[in-house]
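The values are calculated or read from the model by the stated rules, or taken from the named source; none is laboratory data. This structure is a prediction, so every number in the text was calculated from the model and none was measured. Please note: Cβ atoms are built from the backbone with ideal geometry, for glycine as well, and neighbour counts cover all protein chains shown. Areas reflect the complete protein model, heavy atoms only, side chains present, ligands, DNA and RNA absent. Shrake-Rupley method; radii C 1.70, N 1.55, O 1.52, S 1.80 Å.
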Amino acid sequence: MTTIVENGRFGAFGGRYVPETLIPALDALAAAFERAIADLAFTREVDEMLSTYVGRPTPLSTAPRLSEAVGAEVYLKREDLNHTGSHKINNTVAQAVLAKRMGKRRIIAETGAGQHGVAAATVCARFGLECVVYMGEEDIRRQTLNVYRMRLLDAKVVPVTSGTRTLKDETSEAIRDWVTNVNDSYYLIGSVVGPSPYPRMVREFQSVIGKEARGQMLAAAGRLPAAVVACVGGGSNAIGIFHAFESDAEVRLIGVEAAGRGFESGEHSASLLKGTPGVLHGSYSYLLQDADGQVHPAHSISAGLDYPGVGPEHAFLKDSGRASYVAVTDDEALEGFRLLSRLEGIIPALETAHAIAWVAKNKETWAADDAVLICVSGRGDKDMAQVTELGLLDR
């Protein structure tokens, strides 16, 4: 099955629920995107940047000690080895080239874990564009290293003090800025969320992950994986790796959400597992909300998963049954963080650690000859201060 997008929707999900002032900007963006992806000059420029600046293709690594621990053949798609340290740069490179073609010189971005903010600041420095990044005070506290990186790259980091001071509120502030400055600014959204055409556009730019991984699996293992596993917040790394496998019915697609402090606590970020359909940030998808439709605060130890909604394509994949969604807690994610570090010498982002933890804790479900492909969405340098503060190294 391949996801069909019609009128900006994935089945019932997606669409545009935005102020009227943004409709012309979204129309212009959609038209520019369609022209760009049909233009070989655009494709060549993006591919050249991904190759010579980002460092693609990223390798597919075997994980022999982790494989032994979980009882299956584990392969890692190494997005942590990209320039800037995560998958986020794939999307920011392509959107920056698109913004440049549209004549936009001021870039607005939101960031939770800081990796999208760093990637946006990086491409803005490369192209000489002004960069404004909205980041919640709580995430600034958790991700100090990435704040330093963005400022060094000459981005303006704007603290968000409203609400939970995390990703939901950062996105809200970025949208407010865009509404106010729509004529000269480009909103470089970081995930497969937001109003159409953003979910499809970001998926298109992140699908390089799955295209590479599918070919690499066939070359390395001589077969497709039994399962592809990725963490899901907004969902861009997961959609990026899932998309190339959607038509392969024998491949399970498994998205791992953040169960936070446990579902019973109410402090989690599992929009697909525990949310209901509604509108957030211009798109109809699953979100955490109360009986009156008010958005419920999300929680995750991982700043990149701390979001009360999810991309509409994930909502479609869930309801269609093509993908399965599961969750692990903060404590389990910390164990996944330690496990990959100690078994493979790879320190993952806390976001990625959720996927690692789920594969490990479900080891009894794997057959010895199963090939399990995990998307390592980013590296864990950014999380070291936080996990040290939590005492993980003393356990």
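Give region 46-83 a look and list any residue that's more than 18 Å from residue 212 (Cα to Cα) and open to solvent by 10 Å² or more (accessible area, probe 1.4 Å), or say none.
Once the filter is applied, which keeps residues that are more than 18 Å from residue 212 (Cα to Cα) and open to solvent by 10 Å² or more (accessible area, probe 1.4 Å), region 46-83 yields 64, 65, 67, 68, 69, 71, 73.
If you check 314, 299, 354, which single one turns out to be in a loop (DSSP other than H, G, I, E, B) and closer than 19 Å to residue 272 by Cβ?
Unique residue meeting the criteria: 299.
Can you pull out every residue in region 183-194 that is more than 16 Å from the chain's Cα centre (by Cα) and open to solvent by less than 10 Å² (accessible area, probe 1.4 Å)? Break it down into steps so the answer makes sense when it comes.
First, the residues of region 183-194 that are more than 16 Å from the chain's Cα centre (by Cα): 183-187.
Those that are more than 16 Å from the chain's Cα centre (by Cα) and open to solvent by less than 10 Å² (accessible area, probe 1.4 Å): 185, 186, 187.
Considering only region 174-206, state which residues are out of contact with any Gly (no Cβ under 6 Å at 6 or more places or on another chain), in a loop (DSSP other than H, G, I, E, B) and either under 25 Å from residue 244 (Cβ atoms) or of a type in the set (Asp, Glu) (or both).
Residues of region 174-206 out of contact with any Gly (no Cβ under 6 Å at 6 or more places or on another chain): 174-190, 197-198, 200-205.
Keeping just the survivors that are in a loop (DSSP other than H, G, I, E, B) gives 181-184, 188-190, 197.
Correct list: 184, 188, 189, 190, 197.
Tell me, which residue of region 141-182 that is more than 24 Å from residue 287 (Cβ to Cβ) and without any contact (Cβ under 8 Å) to a residue 24 or more places away in the chain is least open to solvent (accessible area, probe 1.4 Å)?
Filtering first and then ranking leaves 180.
When region 259-295 is examined, which residues are found to be buried (at least 19 other Cβ atoms within 10 Å of the Cβ) and either in contact with a His (Cβ under 6 Å, 6 or more places away or on another chain) or in a loop (DSSP other than H, G, I, E, B) (or both)?
Across region 259-295, the qualifying residues are 259, 260, 268, 269, 270, 275, 281, 282, 288, 289.
Those residues that are surrounded by fewer than 24 Cβ atoms within 10 Å (Cβ to Cβ) and touching a residue at least 12 places away in the same chain (Cβ under 8 Å), I need them from region 218-242; list them, please.
We begin by selecting, within region 218-242, every residue surrounded by fewer than 24 Cβ atoms within 10 Å (Cβ to Cβ); these are 218-224, 226-227.
The answer is 220, 221, 223, 224, 226, 227.
With the condition kept exactly as written, say whether any residue in region 362-376 is open to solvent by less than 30 Å² (accessible area, probe 1.4 Å) and in a helix (DSSP H, G or I).
no
Among the residues in region 60-72, are any without any contact (Cβ under 8 Å) to a residue 24 or more places away in the chain, over 30 Å from residue 363 (Cα atoms) and either part of a helix (DSSP H, G or I) or acidic (Asp, Glu) (or both)?
No, there is no match, as no residue in region 60-72 is without any contact (Cβ under 8 Å) to a residue 24 or more places away in the chain, over 30 Å from residue 363 (Cα atoms) and either part of a helix (DSSP H, G or I) or acidic (Asp, Glu) (or both).
Being outside any loop (DSSP other than H, G, I, E, B), among the small types (Gly, Ala, Ser) and within 14 Å of residue 314 (Cβ to Cβ) is the filter here, so list the residues in region 218-257 that pass it. Spell out the reasoning first.
So the first thing to find is which residues in region 218-257 are outside any loop (DSSP other than H, G, I, E, B), and the list is 218-221, 227-231, 236-245, 252-257.
Imposing the further condition that a residue be among the small types (Gly, Ala, Ser) reduces the set to 219-221, 227, 230, 236, 238, 240, 244, 255.
Residues satisfying the conditions are 230, 236, 238, 240, 255.
Please go through region 140-170 and pick out each residue that is in contact with a Gly (Cβ under 8 Å, 6 or more places away or on another chain) and under 28 Å from residue 50 (Cα atoms).
The answer is 143, 145, 146, 147, 149, 150, 155, 157, 167, 170.
Which numbered condition trips up residue 215, out of (1) open to solvent by 10 Å² or more (accessible area, probe 1.4 Å); (2) of a type outside the set (D, E, K, R); (3) farther than 24 Å from residue 365 by Cα; (4) in a loop (DSSP other than H, G, I, E, B)?
Only one criterion in (1) open to solvent by 10 Å² or more (accessible area, probe 1.4 Å); (2) of a type outside the set (D, E, K, R); (3) farther than 24 Å from residue 365 by Cα; (4) in a loop (DSSP other than H, G, I, E, B) is unmet by residue 215, namely (4).
Of 318, 382, which residue is crowded, with 24+ Cβ neighbours inside 10 Å, in contact (Cβ under 8 Å) with a residue 12 or more places away in the chain and not acidic (Asp, Glu)? Outline the logic, then answer.
Details: 318 fails: crowded, with 24+ Cβ neighbours inside 10 Å.
Sole residue among the options that is crowded, with 24+ Cβ neighbours inside 10 Å, in contact (Cβ under 8 Å) with a residue 12 or more places away in the chain and not acidic (Asp, Glu): 382.
Residue 338: open to solvent by less than 60 Å² (accessible area, probe 1.4 Å), assigned to a helix (DSSP H, G or I), modelled with pLDDT of 95 or more and within 17 Å of residue 64 (Cα to Cα), yes or no?
In short, yes.
Part of a loop (DSSP other than H, G, I, E, B) and among the aromatic types (Phe, Trp, Tyr): is that true of residue 17 in this structure? Show your work before the answer.
Details: part of a loop (DSSP other than H, G, I, E, B): yes; among the aromatic types (Phe, Trp, Tyr): yes.
Yes, satisfied.
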